[in-house]
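All remarks here apply to the structure that follows.
The values are calculated or read from the model by the stated rules, or taken from the named source; none is laboratory data. As the structure is a computational prediction, the values presented were derived from the model and not from experiment. When we count neighbours, we look across all protein chains shown, and the Cβ atoms used for this are built from the backbone with ideal geometry, even at glycine. Quick note on the areas: whole protein, heavy atoms, side chains included, nothing else; ligands and nucleic acids left out. Shrake-Rupley method; radii C 1.70, N 1.55, O 1.52, S 1.80 Å.
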Amino acid sequence: MSQQHSKKSESDVLMDIQGLKKFFPVKKGLSRLEKGSTHVKAVNDVSFQLRDGETFALVGESGCGKSTTGRTILRLTNPTEGKAIYKGQDIFQFNRKELKAMRKDLQMVFQDPYSSLNPRKRIGQILEEPLIIHKIGTKEERTEKVMEIMEKVGLQMEHYYRYPHEFSGGQRQRIGLARALVVDPKVVICDEPVSALDVSIQSQVINLLQRLQRELKLTYLFISHDLSVVRHISDRIAVMYLGKVMEEAATDQLFENPLHPYTQALLSSVPLPDPKARKERMILKGDIPSPLNPPSGCVFHTRCPHAIEVCKQTAPVMRVAGDGHKVSCHLLD
Ligand code: SF4
């Protein structure tokens with residue numbers, strides 16, 4: 001984590017996500033199975049702010065709603081409720097034309113870029129496409145821009161004429177990055193960008209992301225289930241469980257002093273940098289409940305080792321527990 005980023009303050013807010021909800025309707029048969037539930041509550045009242053130039057991470061187990069949060073902010077799927085304020089305007093109110101303009105500023109990098117790379121197009125054409133869509137530059141200027149961004153992400157000039165199937169996983173992720181960055185975005189939503197890669201390639205891509213962030217002054221929303229990766233790259237972290245944020249803090253704060261029982265359980269399973277240091281592993285009982293029928297009160301109460309009676313009935317509110325440290329747990333009341 002860079003010193004420069006840790007000094008970002010609330011006055012640098014670039015994007016403000018307020019009360020975001022995304023519910024998916026379910027088919028009739030399934031809703032009968034789940035006693036009349038009609039919607040999967042994938043994201044249920046999530047709020048956070050992205051600060052200019054930082055890496056803000058959303059972490060949690062698979063199905064916690066972190067990827068849906070990223071996709072909804074970009075309007076790849078429409079929100080059920082909430083606001084996403086960017087440059088003073090609510091993205092969720094944008095019409096088609098406004099959305100197109102916004103997508104130049106906000107780009108996304110996916111876990112598996114291969115599935116979104118047209119196998120019949122050469123890399124040069126794939127990278128030029130976003131520039132054509134946004135009507136940027138002449139043919140010559142576009143070619144120059146594509147070459148420039150290829151160099152920045154570590155691709156060779158000869159790759160310009162190659163097809164996606166000719167590349168390794170790490171190189172494809174570089175192509176995915178180049179495609180996102182060719183239009184000079186401000187914010188990049190990185191959805192599990194290294195989870196499909198080998199560990200040695202992972203660190204190369206992470207280092208590349210960090211270098212590009214410095215050079216191009218990018219802000220990242222980094223979505224991952226991998227706490228070791230997130231610890232390395234992010235300035236601040238929000239921990240999600242069953243569609244809700246449980247805890248939010250600066251990265252060092254979260255790792256040194258996790259306050260929410262779910263964060264404590266997640267962190268207890270991460271290997272420590274010092275092998276001599278010991279910590280007790282906290283094993284959570286049971287499976288993650290269905291987001292079709294989330295538990296009443298605190299959604300974590302069915303697995304929480306510290307649950308008390310009030311947890312079953314009343315949902316805790318997010319409380320400030322220290323400088324920028326927020327926790328949603330009755331134990332802090
Ligand atoms: Fe556990 Fe209760 Fe805190 Fe939820 S509110 S995390 S159930 S102690």
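Accessible area of residue 303 (1.4 Å probe, protein heavy atoms only, ligands and nucleic acids ignored): about 20 Å². Label-to-label distance, residue 12 versus residue 207, with points set 7 angstrom from Cα along the beta-carbon direction: 2.4 nm. When the Cα positions of 325, 296, 106 are compared along the charge dipole of the chain, 296 comes out farthest toward the positive end, with charges on each C-beta of Lys, Arg, Asp and Glu. As a length-normalised measure over Cα pairs under 8 Å and 6 or more apart, the relative contact order of the chain settles at 20 percent. What the phi angles of region 317-330 give under the Karplus curve with 6.51, -1.76 and 1.60, with θ = phi - 60°, is a coupling list of 9, 5, 10, 7, 10, x, 4, x, 9, 10, 9, 10, 7, 5 Hz, glycine and proline written as x. Note that region 180-192 has calculated 3J(HN,Hα) couplings of 6, 8, 5, 9, 6, x, 9, 10, 10, 8, 9, 9, 6 Hz, one per residue in order, obtained from phi through the Karplus relation 6.51 cos²θ - 1.76 cosθ + 1.60 (θ = phi - 60°); glycine and proline are x.
Beyond 32 Å in Cα-Cα separation lie the following of the pairs 21/312; 83/152; 87/312; 41/87: 83/152; 87/312. Mean residue ellipticity at 222 nm, helices only, the chain: -9500 deg cm²/dmol; runs of at least 4 DSSP H residues each add -39,500 (n - 2.57), and the sum is divided by the number of residues. Atom-type composition of the exposed protein surface of the chain places 49 percent of the accessible area on carbon and sulfur (1.4 angstrom probe). Ordered from largest to smallest accessible area (heavy atoms of protein chains, 1.4 Å probe), the residues 165, 330, 232, 39 come out as 165, 232, 39, 330. Sparse packing (at most 16 other Cβ atoms within 10 Å of the Cβ) combined with a DSSP loop state is found for the following GluC sites (Glu not before Pro) in region 50-110: 61. For the chain, find the longest principal axis of its Cα atoms and tell me its angle to the long axis of helix 123-133, 0 to 90°, nearest 10. Around 80 degrees separate the two axes. Rounded to the nearest 10 square angstrom, residue 302 shows an accessible area of 70 square angstrom against a 1.4 Å probe. Whole number in Å², please: accessible area per residue of region 181-237, 1.4 Å probe, ligands, DNA and RNA not counted. Per-residue value: 36 Å². Neighbours of residue 79 by Cβ distance under 11 Å: Lys/Arg scored +1, Asp/Glu scored -1, total +3.
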